[in-house]
Amino acid sequence: MSLRTPLSRVLGLGSAKEGVEHWWWQRLTAVALIPLSIWFVVNALCLVGADYHEARLWATRSLNVTLLIAFVGVLLHHAQLGLQVVIEDYIHNEAWKLTLLLAIKFLSVFLFVGVVVRLFLAV
Amino acid sequence: MANTDRPLSPHLQVYRWQLTMLLSITHRATGIALSGGVLLLVYWIWALTAGQDDYRVAVEFFGSVIGRTVLFVMTLCLFYHLCNGIRHLFWDIGRGLELKSVYASGWAVTVATVLLTLGTWIAAYMMHGGQS
């Protein structure tokens with residue numbers, strides 16, 4: 001005979017009520033990455049064997065810089081969302097889970113800002 | 001904390017491996033690998049904006065045997081994750097969820113990955129004659 005109240009038996013169960021944003025942004029960034037990845041692979045092929053000046057010349061075109069920043073940004077966001085799921089799946093120690101999640105999310109933002117700053121300062 | 005020393009029933013050693021399981025875990029594995037690959041991309045951008053000497057070091061690294069191996073594996077991961085990702089997006093809109101379709105699309109993804117990877121690397125060598 002359980003001594004728990006009906007309320008205590010149900011608290012915490014049921015819908016989590018949040019998480020759709022994560023699912024949506026994961027798909028949105030995925031769709032955006034289809035053309036961006038293709039663009040990246042094609043351009044990377046063009047830049048194989050290019051010397052420093054050819055590569056810099058490529059980076060002076062604003063379309064290339066724009067797409068590169070878009071590619072890196074969307075890629076980092078998609079990666080960070082995906083890694084979040086992996087961490088939540090496999091790491092159950094709350095302290096480690098939180099630490100890793102924060103580290104990866106902060107690193108993503110830092111890398112993105114870094115890339116934008118580098119490309120702007122170089123131009 | 002839960003007692004994790006208790007004996008568990010075997011699962012991976014017992015359950016018959018299927019294409020679906022393999023492709024699913026490979027999608028996760030390639031995703032994780034590509035997350036590491038992003039760091040290489042950021043490094044390349046840093047080198048490009050750093051100056052001729054730093055860029056040469058980066059190019060030498062990517063052109064080395066280790067570098068090319070890493071890039072080849074990254075290409076494989078990229079095309080696999082891309083193709084299987086599209087397969088996932090079709091599932092998300094409710095298409096192709098029948099068992100036959102799942103297996104057919106699964107094989108298509110595997111073949112496409114190999115073809116795209118080989119095609120890209122052949123193109124790379126053809127365009128630049130084996131130099132980095």
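The values are calculated or read from the model by the stated rules, or taken from the named source; none is laboratory data. Owing to the predicted nature of the structure, the values given are computational and were not obtained by experimental measurement. All Cβ positions, even for glycine, are placed from backbone atoms using ideal geometry, and neighbour counts span all protein chains on display. Protein only, heavy atoms only, side chains kept; ligands, DNA and RNA dropped before computing areas. Shrake-Rupley method; radii C 1.70, N 1.55, O 1.52, S 1.80 Å.
Residues checked against (1) of a type outside the set (A, V, I, L, M); (2) open to solvent by less than 60 Å² (accessible area, probe 1.4 Å):
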position	(1), (2)
B:Gly94	yes, yes
B:Lys100	yes, no
B:Thr117	yes, yes
B:Thr120	yes, yes
B:Ala123	no, yes
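If you take the residues in the stretch A:66-108 that are among the β-branched types (Val, Ile, Thr) and more than 10 Å from chain B (Cβ to nearest Cβ), which one is farthest from B:Ile45 (Cα to Cα)?
Checking each candidate, the answer is A:Ile91.
Before we move on, is A:Ser8 closer than 23 Å to B:Thr49 by Cα, more than 14 Å from chain B (Cβ to nearest Cβ) and not charged (D, E, K, R)?
Against the criterion (closer than 23 Å to B:Thr49 by Cα, more than 14 Å from chain B (Cβ to nearest Cβ) and not charged (D, E, K, R)), A:Ser8 does not qualify.
Got at least one residue in the stretch A:68-80 being surrounded by fewer than 17 Cβ atoms within 10 Å (Cβ to Cβ) and over 19 Å from the mean Cα position of the chain (by Cα)?
Scanning the stretch A:68-80 turns up no residue that is surrounded by fewer than 17 Cβ atoms within 10 Å (Cβ to Cβ) and over 19 Å from the mean Cα position of the chain (by Cα).
For the stretch A:109-123, give me each residue that is in a helix (DSSP H, G or I), more than 12 Å from the chain's Cα centre (by Cα) and more than 8 Å from chain B (Cβ to nearest Cβ).
A:Val113, A:Val116, A:Val117, A:Phe120, listed by residue number.
Quick one: in the stretch B:76-85, of everything that is of a type in the set (A, V, I, L, M) and either over 13 Å from A:Val31 (Cα atoms) or open to solvent by 60 Å² or more (accessible area, probe 1.4 Å) (or both), which residue is farthest from the other protein chains (Cβ to nearest Cβ)?
Across the stretch B:76-85, the extreme among qualifying residues is B:Leu76.
What residue, of A:Ala30, A:Ala55, A:Ala50, is modelled with pLDDT under 95, within 30 Å of B:Thr49 (Cα to Cα), surrounded by 14 or more Cβ atoms within 10 Å (Cβ to Cβ) and within 8 Å of another protein chain (Cβ to nearest Cβ)?
Going through A:Ala30, A:Ala55, A:Ala50 in turn, just one is modelled with pLDDT under 95, within 30 Å of B:Thr49 (Cα to Cα), surrounded by 14 or more Cβ atoms within 10 Å (Cβ to Cβ) and within 8 Å of another protein chain (Cβ to nearest Cβ): A:Ala55.
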